[in-house]
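Computed from the coordinates by the stated procedures, all read-outs in this text should not be read as laboratory data. These figures come from a predicted structure and were not determined experimentally. No Cβ is skipped: glycine too gets one built from the backbone with ideal geometry, and neighbour counts run over all protein chains shown.
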Amino acid sequence: MSNVSAITLAVLLSTGGFLLLLVAFSTLLLYFMGAAGQDLLGTIQVAGPCFVLGLAHLGAGRGLLRRREWGRLLATFSAGFWFATVILSPLAIGIVYILWHQHLPERGHHAVRRVTAALQTPHAESPAATGADGLTTNIRRWVLALMALSVLVFAMQQTWILAVDATSASDSLPLLVVEGVAISLMALLGGAAIVGVGRGQPWGGPVALFAAGTMAVTWALPLVLLVLLLVYRSKVTTRLAPAPAAALTAEELAAQLQPEIDPDAPAIPAGTRSDRPAPQD
């Protein structure tokens with residue numbers, strides 16, 4: 001990611017974070033001032049997610065400016081929230097592309113193919129069986145359980161809201177269709193995250209963060225999920241490319257060029273190696 005892209009995203013996300021924190025503190029202020037229609041439950045439902053998302057946005061901006069991996073992960077979480085607004089979904093897709101374009105498949109249907117292949121992979125042959133993505137078994141179970149619970153709670157909550165909107169004469173049919181498609185897509189993203197994390201795929205962690213951002217309205221569960229994945233941020237992201245040969249010392253280069261020896265391979269009897277001294281005349 002170029003410096004211009006990092007600075008642009010940092011300014012954009014920091015501005016969004018400031019506005020979210022402003023909404024959170026304004027909601028709390030209205031409640032404590034005794035404004036009409038402000039109850040405690042409604043205040044928590046609005047101020048809580050806005051406060052958490054605001055901090056995530058500001059952290060993403062700081063992390064991107066410092067070129068830290070956790071900045072990219074927080075930006076992915078924040079982009080998921082933007083995608084959930086539906087109106088800002090094109091901007092969210094652009095943010096994800098800038099953040100992960102080197103890791104994205106060449107075609108959109110290739111991403112679906114990866115999820116399908118992961119579903120069809122036998123568990124014994126799956127990277128999740130050996131923890132290839134670096135997540136321990138307990139952490140993976142917690143992430144999977146929280147993601148599944150978040151998807152369930154989110155789907156139930158949004159379906160109830162959609163049903164209430166459908167009975168209201170003020171909402172048009174096209175708007176209801178857009179809301180229904182958005183809810184279905186976010187639930188599918190959560191399902192893809194479950195498959196990716198469960199199978200130990202390298203794309204599982206970032207997709208889980210993005211899906212958690214889309215479900216930030218049920219903020220308690222995605223928040224715990226965010227903390228878990230950020231703690232293990234180096235284990236759910238793509239590993240860094242190896243250093244070029246010119247940057248290696250002579251000892252490190254020799255160690256990499258030396259062929260690996262299988263410890264279970266049978267020992268080679270003395271005198272049978274090809275490098276034994278040639279017979280003297």
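Remarks
- Placing R0 at 35 angstrom, the Cβ-Cβ distance between S2 and L55 gives a FRET efficiency of 0.85 after rounding to 0.05.
- Ordering of 21-33, 197-209, 146-158 by packing [mean C-beta count within 10 Å, highest first]: 197-209, 146-158, 21-33
- Model label points for D165 and L40, set 7 angstrom from Cα along the Cα-to-Cβ axis, are 3.0 nm apart.
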